[in-house]
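The values are calculated or read from the model by the stated rules, or taken from the named source; none is laboratory data. Everything numeric in this text was worked out from a predicted model, so none of it was measured. Ideal geometry is used to build each Cβ from the backbone, glycine not excepted, and the neighbour counts take in all protein chains shown.
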Amino acid sequence: MTDDNAARPVTTQLVGEGDDAITYDILGDLATATPERPVLFLFGAPMDATGFGLLAGHFTDRPVVTYDPRGTGRNPLGTADITVDRHADDLHRVISALGVGAVDAFGTSGGGVNLLALVAAHPEDVRYAVAHEPATAALAGRARGARRGRRPEAHVRRARRRPGHGEVHPIRDAGRNRSGRLPPAA
């Protein structure tokens, strides 16, 4: 593996139009994807495709796709609420537009949450899923905002607007016990 993207062709594509337009980049040739080495889809949220250039350069054995989530990067902000389900639908639309079948996917932060929603809604889209540090509001039962009866998602949104995002980590970690392990599923 190398970190040299200069030798690989990069193609920018668009799926949808208007407020539903989603911009994505293909590094390499989709025709080289195989069932054993499918397309690798790297994404985060709210981070756009520019944050994945260096990482993508390490995967020269297969085509890599990065994208700008709805409302970020090269996509229009729009006026509708941007929900996890909407992001999952956008990921599904990009994977469908690729026309290569199931992908290996790596989603980090909010992208990890969106990846989990994608796998729940469209399991046929993903061969392997890595949800890296998903900010799972579902585990926020003991978080400060959740104790006051707020919806955890709203607390995460407010926290992200603050400088430093200091409140997001306690929410992400709220479901862990003191040993650092997640409690058993209910």
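Descriptive notes on the structure:
- Residues in region 102-116 that are surrounded by 21 or more Cβ atoms within 10 Å (Cβ to Cβ) and over 10 Å from the mean Cα position of the chain (by Cα): Val103 alone.
- Members of region 72-87 found to be within 16 Å of Gly16 (Cα to Cα) and part of a helix (DSSP H, G or I), listed by number: Arg86, His87
- Looking only at residues in region 55-96 that are exposed (fewer than 15 other Cβ atoms within 10 Å of the Cβ) and farther than 16 Å from Tyr24 by Cα, the one that is modelled with the lowest pLDDT is Thr79.
- Any hit, region 16-33, residues being under 13 Å from Asp104 (Cα atoms) and at pLDDT 95 or above: yes
- Members of region 32-71 that are assigned to a strand (DSSP E or B) and among the aliphatic types (A, V, I, L, M): Leu40, Leu42, Ala45, Val64, Val65
- For region 19-68, a residue qualifies if it is within 15 Å of Leu115 (Cβ to Cβ) and either touching a His at 6+ places or on another chain (Cβ under 7 Å) or aliphatic (A, V, I, L, M) (or both), and the qualifying residues are Val39, Leu40, Leu42, Ala45, Met47, Val65.
- Scanning region 26-54 for residues that are within 11 Å of the chain's Cα centre (by Cα), surrounded by 22 or more Cβ atoms within 10 Å (Cβ to Cβ) and more than 15 Å from Gly99 (Cβ to Cβ) gives Leu42, Phe43, Gly44, Ala45, Ala49.
- Among the residues of region 96-109, some residue qualifies, meaning at least one is under 11 Å from Phe41 (Cα atoms), outside any helix (DSSP H, G or I) and out of contact with any Phe, Trp or Tyr (no Cβ under 8 Å at 6 or more places or on another chain).
- Gly99 satisfies every condition listed in (1) modelled with pLDDT of 95 or more; (2) within 21 Å of Leu14 (Cβ to Cβ); (3) surrounded by 16 or more Cβ atoms within 10 Å (Cβ to Cβ); (4) not hydroxyl-bearing (Ser, Thr, Tyr) except (3).
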